[in-house]
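The values are calculated or read from the model by the stated rules, or taken from the named source; none is laboratory data. Keep in mind that this is a model prediction, so the values were computed, not measured. As a convention, Cβ positions derive from the backbone with ideal geometry for all residues, glycine included, and neighbour counts pool all protein chains shown.
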């Protein structure tokens with residue numbers, strides 16, 4: 001089989017249902033491989049739309065959305081959507097067709113170094129230079145895209161590699177092991193909440209991503225703690241709940257700001273600094289913060 005067929009076989013093994021994108025000359029072998037595939041190819045009017053659709057799919061399902069473009073302008077059009085997914089921690093795998101390896105050493109029609117171009121907007125990206133490594137590349141792209149923090153990965157497939165004959169099979173999928181906090185740390189956190197006079201919960205997108213909505217609601221009801229949502233954390237608890245202070249914005253003095261000012265403990269759950277900079281809600285760094293998430297807290301100067 002062709003390398004492009006092996007790539008599609010690996011994507012099927014990963015459970016891919018849809019690929020969003022625009023066909024082009026340098027990804028035609030991939031398009032041909034999709035003809036007999038269970039994966040549905042959804043043609044978009046523009047590659048930027050494909051990247052945003054993949055990002056939305058990733059955010060809603062928790063599974064990486066896949067988008068496809070050809071080289072040159074097709075790939076550059078993906079950038080904005082891929083960068084957005086990476087910033088918003090939506091798992092995405094972007095695949096680009098590319099000029100053959102035999103013409104990458106010289107000026108060539110629509111050829112750009114896409115690996116360098118995608119470097120700042122992805123968690124990991126690579127070019128496939130040997131057809132037999134495709135199963136390993138696909139498996140790593142998925143592992144990295146779905147791991148904490150989720151984000152975008154990029155695979156650049158030159159057209160001469162895509163057309164090569166190759167033998168291979170998808171790699172086994174190893175599910176990650178979830179880490180749990182130790183009993184001592186949990187008791188310390190509970191003590192901080194118990195001793196606080198005016199605790200306030202800041203709920204971020206990690207609540208939804210970790211499917212922790214019910215656990216959060218239980219904590220809110222039992223401890224009677226008001227909740228502020230980041231714009232990416234909307235829906236962690238119902239806006240009709242009497243303890244919901246709705247969503248923090250970038251406006252000036254409002255009742256949410258007053259809530260932060262009165263608080264003596266901010267319980268940040270599933271929070272990412274890109275959502276709502278700490279300078280907005282703890283400008284002097286004087287309020288104690290309890291960080292609850294699947295990853296370590298970041299420090300803001």
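How many residues does the range 7-36 contain that are closer than 18 Å to residue 166 by Cα and either crowded, with 24+ Cβ neighbours inside 10 Å or in contact with a strand residue (DSSP E or B) (Cβ under 9 Å, 6 or more places away or on another chain) (or both)? Selection size over the range 7-36: 11. Residues that are over 17 Å from residue 143 (Cα atoms) and outside any strand (DSSP E or B) within the range 10-27 comprise 17, 22, 23, 24, 25, 26, 27, listed in sequence order. One residue stands out in the range 207-234 among those that are touching a strand residue (DSSP E or B) at 6+ places or on another chain (Cβ under 7 Å) and part of a helix (DSSP H, G or I): the one that is surrounded by the fewest Cβ atoms within 10 Å (Cβ to Cβ), namely 220.
Can you list the helices (runs of 4 or more DSSP H) found entirely within the range 80-180 that contain at least 3 residues being crowded, with 19+ Cβ neighbours inside 10 Å, touching a residue at least 40 places away in the same chain (Cβ under 8 Å) and over 25 Å from the mean Cα position of the chain (by Cα)? Those helices (runs of 4 or more DSSP H) span 159-162. Within the range 256-301, the set of residues being more than 28 Å from the chain's Cα centre (by Cα) and within 12 Å of residue 199 (Cβ to Cβ) comprises 259, 260, 262, 263, 264, 265, 287, 288. For residue 39, indicate whether it is modelled with pLDDT of 95 or more, surrounded by 18 or more Cβ atoms within 10 Å (Cβ to Cβ), in contact with a helix residue (DSSP H, G or I) (Cβ under 8 Å, 6 or more places away or on another chain) and assigned by the TED database to the domain that holds residue 111. Criteria not met by residue 39. Evaluated against (1) touching a residue at least 24 places away in the same chain (Cβ under 8 Å); (2) in contact with a strand residue (DSSP E or B) (Cβ under 7 Å, 6 or more places away or on another chain), residue 239 falls short on exactly one condition, (1). Consider residue 76 carefully, then state whether it is in a strand (DSSP E or B), outside the structural domain of residue 206 (by the TED database) and either out of contact with any strand residue (DSSP E or B) (no Cβ under 7 Å at 6 or more places or on another chain) or within 16 Å of residue 159 (Cα to Cα) (or both). The answer is no for residue 76. Can you work out which of the residues in the range 63-73 that are touching a helix residue (DSSP H, G or I) at 6+ places or on another chain (Cβ under 7 Å) and assigned to a loop (DSSP other than H, G, I, E, B) is surrounded by the most Cβ atoms within 10 Å (Cβ to Cβ)? This residue is 64.
Do we find that residue 193 is in contact (Cβ under 8 Å) with a residue 24 or more places away in the chain, in contact with a strand residue (DSSP E or B) (Cβ under 9 Å, 6 or more places away or on another chain), in a strand (DSSP E or B) and surrounded by fewer than 19 Cβ atoms within 10 Å (Cβ to Cβ) in this structure?
Criteria not met by residue 193.
State yes or no: is residue 201 assigned to a strand (DSSP E or B) and in contact (Cβ under 8 Å) with a residue 40 or more places away in the chain? When the stated conditions are applied, residue 201 passes them. Take residue 151 and decide whether it is closer than 30 Å to residue 258 by Cβ and touching a strand residue (DSSP E or B) at 6+ places or on another chain (Cβ under 8 Å). No, not satisfied.
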